[in-house]
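Read-outs: derived from the displayed coordinates by stated rules, not from any lab. The shown structure was predicted, so the numbers you read here are calculated from the model rather than taken from an experiment. Glycine also receives a Cβ, built like all others from the backbone with ideal geometry; neighbour counts cover every protein chain displayed.
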């Protein structure tokens, strides 16, 4: 379960922090375990992700997948970010997860996609995470 | 002191399984749900194999047998908690439904805007949310007995809150996070003196030690079969007859009526007034078998065994560096230990333990306000029952050392 890559990104994250000001900021919780994640993105003139940071608290799976995800979207167009899928996250972390831990891994994707779509809190948009 | 026989484990087939080849199950999550002995599973399967029929109105042999089995279980449960009469034993789905029944049926009829209901900060969501919903619809006021840093209810503040002349005091007998066993008898006396009724959430107490509802002096007592060796899908609301009689039905349908006309209905007698529709018959039969099993082993023996296991686990875990236990060490404590491993998320703790077959729970254990109070999002929790062994506690300790090494 805890592959070296996950432990490495959990213990020494490259993208932990906050960006202020940021072009996109979004945060959300995993109500199941109380994990909280905030993601800040800065975009360049062509709407590509220039800088990214995450903050909050959570388990190794949620923190490492946030770090891996942010690393992977640097330089990506916002429209590409919107198209990211569950499988992309699973490919990044490279392990199989049961239904409970899957939610930990997908929290960062949910937050990033919500931010990319410009969703307001309480608004419901199908992020196609299933 | 009565002792638990080691042969008990062989009554639980699931405890013989391996989580993966060569890794036996170490089940430390009984506060979430207990495992089931063969006698419970056999009783349920025998019911379906030989007696299955709908209850109460059929006159054929199977219907008679099914009705007897269903009602015999009610009698057993009545004796188990020493209720005065089996009409005070209402079958529900679980503790949560039992509390919702009181909030909806008693609460909607007898509580007016501004009436005070006292809860505590250590409640499970099942004893918080029904009252919050009622607050929205009926305008009642909720007050909370605070929890001290060592995990006990602040009884001085409770005395102050009673001056508000509350209509109901509703609290847990034993905390599913802190292990605290609350002084129910004393609190119920004080509540009655102040003119309030008393509802006790017995989900974590009825499975673990003798509960005598008359001696405790409570008006309502709610508990679930699945935490006490029985199946999921069935629980009980005990209520004092005088109060239940004044309450409105909770749900409408078959079995809960005496007479129905197109213009209206007359409710059935207790306890059927609160049991609309075909109930969980096989589950009730299983619940009866679970209560038989517990009575056979003896609740005092079970409590003594859990105390010993809990003391053993507490002393080993409290010696480990980086481990913080919530709730204090005392002889008067239930068999749950919620803890934090410094710098490691409880999900990761539970996940690594799982690789060694050790099942603990991670999260807020449906007590978010309590976790907020202590400033922690989540904890890991090990919980024990009559089948837990010291050897399993040793495995937990070794597993936790592995967790610390991996993330250290």
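At R0 = 35 Å, how high is the FRET efficiency between residue B:6 and residue A:91 if r is their beta carbon distance? Nearest 0.05 is fine. So, using R0 = 35 Å, E works out to roughly 0.10.
In degrees between 0 and 90, to the nearest 10, how far off the longest principal axis of chain A does helix A:99-117 point, with axes built from Cα atoms? Between helix and principal axis, roughly 10 degrees.
For the residues B:148, B:205, B:98, a GNM of chain B with alpha-carbon springs under 10 Å puts the largest fluctuation on B:148. Potential lengthening of the chain between residue B:110 and residue B:192 amounts to 27.9 nm, from the contour at 0.36 nm per residue minus the alpha-carbon distance. The residues A:48, B:36, when put in order of fewest to most other Cβ atoms within 10 Å, stand as A:48, B:36. Rounded to the nearest 0.05, the FRET efficiency derived from the C-beta distance between residue B:165 and residue B:71 at R0 = 51 Å is 0.80. Going from the residue with the fewest nearby Cβ atoms within 10 Å to the one with the most, A:104, B:78 rank B:78, A:104. Computed on the stretch B:41-296, with alpha-carbon pairs under 8 angstrom and 6+ residues apart, the relative contact order is 24 percent. I'd like the antiparallel share, as a percent to the nearest 5, of DSSP beta bridges with both residues in the stretch A:1-113. Approximately 95 percent, going by the DSSP bridge assignments. Is chain B best put as rounded, prolate or oblate by its Cα gyration tensor, with a ≥ b ≥ c the root eigenvalues, rounded for a/c under 1.5, and otherwise prolate when a/b is larger than b/c, oblate when not? Note, shape of chain B comes out oblate.
Of the beta bridges in the protein assembly as shown, as assigned by DSSP with both residues counted there, near 70 percent are antiparallel. Of B:312, B:91, the sequence from fewest to most neighbouring Cβ atoms within 10 angstrom is B:312, B:91.
Taking all Cα pairs closer than 8 Å and separated by 6 or more residues, the relative contact order of the stretch B:142-248 comes to 19 percent. Between B:317, B:28, B:49, the residue with the greatest mean-square fluctuation in the GNM of chain B (Cα pairs under 10 Å linked by springs) is B:49. Classify the protein assembly as shown as rounded, prolate or oblate, taking a ≥ b ≥ c as the square roots of the eigenvalues of its Cα gyration tensor: rounded when a/c is under 1.5, otherwise prolate if a/b is larger than b/c and oblate if not. Prolate, since a/c reaches 1.5 and a/b exceeds b/c. Connecting C-alpha atoms closer than 10 Å in a GNM of chain B, tell me which of B:17, B:74, B:333 has the biggest fluctuation. Looking only at B:17, B:74, B:333, the largest GNM fluctuation is found for B:17. Give the distance, in whole Å, between the Cα centre of the stretch A:77-113 and the Cα centre of the stretch B:373-408. A separation of 29 Å, based on Cα centres.
Grab the beta carbon distance between residue B:260 and residue B:296, set R0 = 41 Å, and tell me the FRET efficiency rounded to 0.05. Approximately 0.45, to the nearest 0.05. Nearest-5 percent of antiparallel DSSP beta bridges in chain B? Antiparallel bridges make up about 60 percent of those DSSP assigns within chain B.
For chain A, the longest principal axis of the alpha carbon atoms and the long axis of helix A:60-73 meet at an angle near 40°.
Across chain A, Cα pairs under 8 Å and at least six residues apart give a relative contact order of 27 percent. Spatially, the stretch A:1-49 and the stretch B:249-295 are offset by 52 Å when compared through their Cα centroids.
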